[in-house]
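> Quick one: structure below, then a few questions.
The values are calculated or read from the model by the stated rules, or taken from the named source; none is laboratory data. If you're wondering where the values come from, they're calculated on a predicted model, not measured in any experiment. With ideal geometry, Cβ positions are generated from the backbone for all residues, glycine too; neighbour counts draw on all protein chains shown. Ligands, DNA and RNA are stripped out before the accessible areas are found, and what is left, the full protein with its side chains, is counted by its heavy atoms. Shrake-Rupley method; radii C 1.70, N 1.55, O 1.52, S 1.80 Å.
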Amino acid sequence: KKFITEKEKIMGSTLNGLMNIAQQSIYNNQVALNVISNNIANMNTKGYTRQQVEFAAIPGYRIFDWCANNGKVTPGQGAEITGITNRRSEWLDNYYRGQNSANGYYDQIGGMLDNMENLLNDELSANGLQKRFSDFFAASQALSGDPTNNAYKIAFLNAAQDVADMLNNMSNTVNEYMNQAVGTVGDPDSFESSLIKTNVDSLDSKLSQLAELNNQIAQNPNSNALKDQRDMLLDDISSMIPLTTTTNENGTVNVIIDGQTVVKGGEKRLTIEAVQGDDPNHPVKIQLKDSEGNIKNDDISDTLGNCSLSAILQAGSGDSFGYKTLLNDLDKLASAFAQEMNRIQTQADANGTPMYIGPDGTLVESTTPLFVTKDGTGNFTAGNIQINQAVIDDPTLVATARMDPTAADFDDKAVGNTGNMDQFNNLAKGKLTGLSISDPPGEGMSITDFISGLVSKIGSGVDALKSAADAQGSVLEQAAAQRDALYGVDLNEELADLIRYQRCYEASARVFSTSNELMQTILQMI
């Protein structure tokens, strides 16, 4: 420290000292006015935090004064600027970012809701799948009225194929949505372009940017602009994944994700990475790795809470409301419909044996199923159901009659029998165990009721998520308002400060001017 002589201490109370104090005060208030001007200019700048000048009194020096009781006094030496700060609250930032994570979940899930509504309005509506089944049952009724009419059999098969085609299309659409979200297991290329991979890569890049900003802040601790950039980046990151921050003495921050310190000041300690799995029910892992590639956490996807990343995972592979649950319901419908159609077409029951009208006009026992799978498996899904090509090539194979060929009164020329068609027709109202919602399966429900229930479930699911999104949006708005009240530029407050510093500036200038006049008077006396 500079050694202060007794002479200099005495000078602190002279006219020169008075002028120095006034000159410093003029400078201080000029800086304060500049800060106010900068605040007003940036009041609409996104991410800008209101700045304020911090002052501190300059310590006085004890000097000898004959008028003082003890002979010594300590006059002040004016004020100095200790810094230009922006007002931040770590607690409020963490609260806002927690709400922002939840809001990011609903923002991301909004795309899925739009897709689900489109499916509901276009493919599950009265003009979609419901219409296809309605046309099928109408074709079935027509064939019942004239079981020997091949044109009606062709129409019956075409209507059944239309149902299968609609199920195929819906399955393809939903699978494409899932593929966009998390990729397809076993297809690395689809995973590389998936939403989850690109978003996790973007998140990791933002964390690297954060570490770099921390480095710059450590080198320029008084740069409020850098701190505003850093805080905006943290807000952006928080919408993607829940995080907690702590502040270091040098103004840098640490970022903690799932209990792990990912960023420590200017050091990015861990990398976050999306890895494709081999299980369709859990197709993605989100891992934390150190700089050497060692896995520190094999999968944090189940502990993310509500954020944009968890929304993508839910849409692509979640067991709650989403693409996967819709696809499961479509698969259940396709399987129940195909199996029941094939049972009616090929299997005997207490009412007799299914029979079709052969080339010679006599009844022949039916063994050719109406539906087969595209992939040759025995499990029907909405994606693989199709009409048997053998039946398409020969529509006469459609079994219209149901009789007992072992009965004494069996007549193989009873081609007008419609016992089998009655069972096809009953599918419109009959309950299928394959559509049971209980485990083990109960009596099930009809196709019509199942589709109506599916429409209702999607509609209520969409409405519930939209209501939750609105509620969360309100909470986030309140949190943002709290931050704006503390961080934002208030014109009324700036105007009050403007007047205060202006008056202070003018008063300091008057002190300087008066001191200068006194100095001139003394010089003239000399």
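> Ignoring ligands, DNA and RNA, what accessible area per residue does region 358-488 give at 1.4 Å, in Å²?
With the other protein chains kept in place, region 358-488 gives 50 Å² per residue.
> Could you give the longest part of the chain that holds none of the GluC sites (Glu not before Pro) found in DSSP loops with at most 12 neighbouring Cβ atoms within 10 Å?
It runs 1-248.
> How far is helix 15-41 tilted off the main Cα axis of the chain, in degrees rounded to 10, range 0 to 90?
20 degrees
> Using helices alone, I'd like the mean residue ellipticity at 222 nm for the chain: each DSSP H run of four-plus residues gives -39500 (n - 2.57), total over residue count, nearest 500.
Computed ellipticity for the chain at 222 nm equals -19000 deg cm²/dmol.
> As I understand it, the value is the acute angle between the Cα axis of helix 308-317 and the longest principal axis of the Cα atoms of the chain; what does it come to in degrees, rounded to 10?
Tilt of helix 308-317: around 10 degrees.
> Excluding same-chain residues fewer than 8 positions from Lys457, which aspartates and glutamates have a Cα within less than 18 Å of its Cα?
Within the straight-line cut-off, Lys457 pairs with Asp114, Glu117, Asp122, Glu123, Asp319, Asp329, Asp331, Asp449.
> Where does helix 447-487 land angle-wise versus the long Cα axis of the chain, in degrees 0 to 90, nearest 10?
0 degrees
> Excluding Lys227 itself, what net charge comes from residues whose Cβ is under 12 Å from its Cβ, given Lys and Arg +1 and Asp and Glu -1?
On the way: positive: Arg87, Arg88, Arg230; negative: Asp93, Asp228, Asp231.
Computed value for this residue: 0.
> What's the local net charge at Val31, with K and R +1, D and E -1, over the other residues with C-beta under 12 Å away?
-2
> Just report the Cα centroid separation between region 457-510 and region 371-432, whole Å.
Here the answer is 68 Å between Cα centres.
> For Ile154, what accessible area in Å² do you get when you roll a 1.4 Å probe over the heavy atoms of the protein chains, rounding to the nearest 10?
Answer for Ile154: close to 80 Å² accessible.
> Same structure, new question: Of Lys197/Lys227; Lys206/Lys268; Lys268/Lys296; Lys197/Lys264, which ones are farther than 21 Å apart at the Cα? Could you put the intermediate results ahead of the total?
Working: Lys197/Lys227 29 Å; Lys206/Lys268 11 Å; Lys268/Lys296 14 Å; Lys197/Lys264 24 Å.
Distance filter (> 21 Å) returns Lys197/Lys227; Lys197/Lys264.
> Would you mind telling me the share, in percent, of accessible area of region 374-526 contributed by carbon and sulfur at probe 1.4 angstrom?
Answer for region 374-526 is 54 percent, counting heavy atoms of protein chains only.
> With no solvent and one equal point scatterer placed on each C-alpha of region 102-242, evaluate the Debye formula and give log10 I(q)/I(0) for q = 0.10, 0.14 Å⁻¹, two decimals.
-0.60, -0.84
> Round to a whole number: what % of the accessible area of region 243-323 belongs to carbon and sulfur, probe 1.4 Å?
Roughly 40 percent of what the probe reaches on region 243-323 is carbon or sulfur.
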